[in-house]
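Enquirer: Sending over a structure as C-alpha cells; questions will come in a sec.
What follows draws every value from the coordinates through simple rules; no lab data is involved. These numbers come from a predicted model, not from an experiment. All Cβ positions, even for glycine, are placed from backbone atoms using ideal geometry, and neighbour counts span all protein chains on display.
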Amino acid sequence: MNDVSIRTALPADVPAITAIYNHYVRTSTATFDTEEKSVEDRVEWLTQHVGAYPALVAERDGGVVAWGTLSAWARRRAYRHTAEISVYVAPDATARGVGPVLANALIARAREVGHHAVVSQIVHENEASLKMASRLGFEHAGTLREVGRKFDRWLDLVLMELVLDADSGQTSPAEKPRGARVERGSEWGTGS
Ligand SMILES: CC(C)(COP(=O)(O)OP(=O)(O)OC[C@H]1O[C@@H](n2cnc3c(N)ncnc32)[C@H](O)[C@@H]1OP(=O)(O)O)[C@@H](O)C(=O)NCCC(=O)NCCS
C-alpha cells in the first residue's frame, strides 16, 4: 500500500529533490549526469517545469520521498506533443510502489495537458525502471548502443514509449500543449 500523496513541487522542495538526484548522479547510471547539481541550479530547473511540463513530488509523513517531471523531449516543433518522463525515488523509499504512483500522476497530467506520447529513456541496466515502465504500458521503442559512458563503461540507452491517444492525430489536437510555457530540448539521455 502507498500512503504517499502527490503534489506539485514547490521551491521549498528543491533541497530534497537535489539530494535525491545527486545520490543517483554519484552512485548509479540511472542518470547520465556525472556531476552533482547545485541547489541553485535546481531552483532554476524548477522554474522551467510548469504548465505542460510539471514537476511533482511524492510526500510521505511530511517529507519528500520522490520527484518526477515531464520535460520537452526535443526542441524541434514537430515534437511538441511528446514529453519525456523522469522519476527518482529516494534510495530508502524504493521498491515500495512509490515510483509507479508518481509516474501515473505524471501520465495523467500528460493526458490533461494534451501530450500525445510520453517517452522514457532508460539505461539498459536499470531493471527497476524498465520494469516500472513496462508495467505502466510503455513499449520498447529501440535501443541506442553504447551512447553513454559512466564509471568507465559504455552504456546502452533503451527508449520506452507510451502513446496516450492513438486517435488524437484525427481529432485536431491542441496546436501546442495547454499551459506550455517552455519548449526546450532536454539534455539527451537519461536524466532529469
Ligand atoms: C525506477 C524507480 C523510479 C521505480 O520506482 P519504485 O518505487 O522503486 O518502483 P516499484 O516499487 O514498483 O519497483 C519496481 C521494481 O523494481 C524493483 N526495485 C526497485 N528499486 C530497487 C532497488 N533499489 N534494487 C533492486 N530492485 C529494485 C522492485 O523490487 C520492483 O520489482 P519487483 O516487483 O519484481 O519486486 C525507482 O526505483 C528509482 O527511483 N530508482 C533510482 C532512480 C531511477 O532509476 N530513476 C529512473 C531513471 S530512468
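Enquirer: Answer yes if at least one residue in the range 77-92 is surrounded by fewer than 18 Cβ atoms within 10 Å (Cβ to Cβ) and within 16 Å of the ligand (Cβ to nearest atom), and no otherwise.
Expert: Scanning the range 77-92, I find at least one residue that is surrounded by fewer than 18 Cβ atoms within 10 Å (Cβ to Cβ) and within 16 Å of the ligand (Cβ to nearest atom), so the answer is yes.
Enquirer: Also, quick follow-up: Thr8 - would you say it is farther than 21 Å from Met132 by Cβ, in contact with a helix residue (DSSP H, G or I) (Cβ under 8 Å, 6 or more places away or on another chain) and in contact (Cβ under 8 Å) with a residue 24 or more places away in the chain?
Expert: Criteria not met by Thr8.
Enquirer: While we're here: Exactly one of (1) touching a helix residue (DSSP H, G or I) at 6+ places or on another chain (Cβ under 9 Å); (2) assigned to a helix (DSSP H, G or I); (3) within 16 Å of Ile6 (Cβ to Cβ); (4) of a type in the set (A, V, I, L, M, F, W, C) is unmet by Ile85. Its number?
Expert: (2) is the only condition that Ile85 fails.
Enquirer: Within the bounds of the range 112-122, is there any residue that is closer than 15 Å to Leu159 by Cα and either in contact (Cβ under 8 Å) with a residue 60 or more places away in the chain or loosely packed, with under 13 Cβ neighbours inside 10 Å (or both)?
Expert: Looking through the range 112-122, at least one residue is closer than 15 Å to Leu159 by Cα and either in contact (Cβ under 8 Å) with a residue 60 or more places away in the chain or loosely packed, with under 13 Cβ neighbours inside 10 Å (or both).
Enquirer: Quick one: Val118 ticks every box in (1) farther than 20 Å from Ala141 by Cα; (2) hydrophobic (A, V, I, L, M, F, W, C); (3) in contact with a Ser or Thr (Cβ under 8 Å, 6 or more places away or on another chain) bar one, so which box is it?
Expert: (1)
Enquirer: Which residues, taken from the range 23-41, are more than 21 Å from Arg96 (Cα to Cα), part of a helix (DSSP H, G or I) and within 16 Å of the ligand (Cβ to nearest atom)?
Expert: Result: Val25, Arg26.
Enquirer: Then there's this: So for the range 19-36 (the condition being out of contact with any Pro (no Cβ under 6 Å at 6 or more places or on another chain), farther than 27 Å from Asp156 by Cα and surrounded by fewer than 13 Cβ atoms within 10 Å (Cβ to Cβ)), does at least one residue qualify?
Expert: Within the range 19-36, none of the residues are out of contact with any Pro (no Cβ under 6 Å at 6 or more places or on another chain), farther than 27 Å from Asp156 by Cα and surrounded by fewer than 13 Cβ atoms within 10 Å (Cβ to Cβ).
Enquirer: Any residue at all in the range 42-64 that is over 18 Å from Ala9 (Cβ atoms) and in contact with a Pro (Cβ under 7 Å, 6 or more places away or on another chain)?
Expert: No, because not a single residue in the range 42-64 is over 18 Å from Ala9 (Cβ atoms) and in contact with a Pro (Cβ under 7 Å, 6 or more places away or on another chain).
Enquirer: Can you name the number of the only condition in (1) surrounded by fewer than 21 Cβ atoms within 10 Å (Cβ to Cβ); (2) near the ligand (Cβ under 9 Å from one of its atoms) that Leu102 fails?
Expert: Going through (1) surrounded by fewer than 21 Cβ atoms within 10 Å (Cβ to Cβ); (2) near the ligand (Cβ under 9 Å from one of its atoms) one by one, Leu102 breaks only (1).
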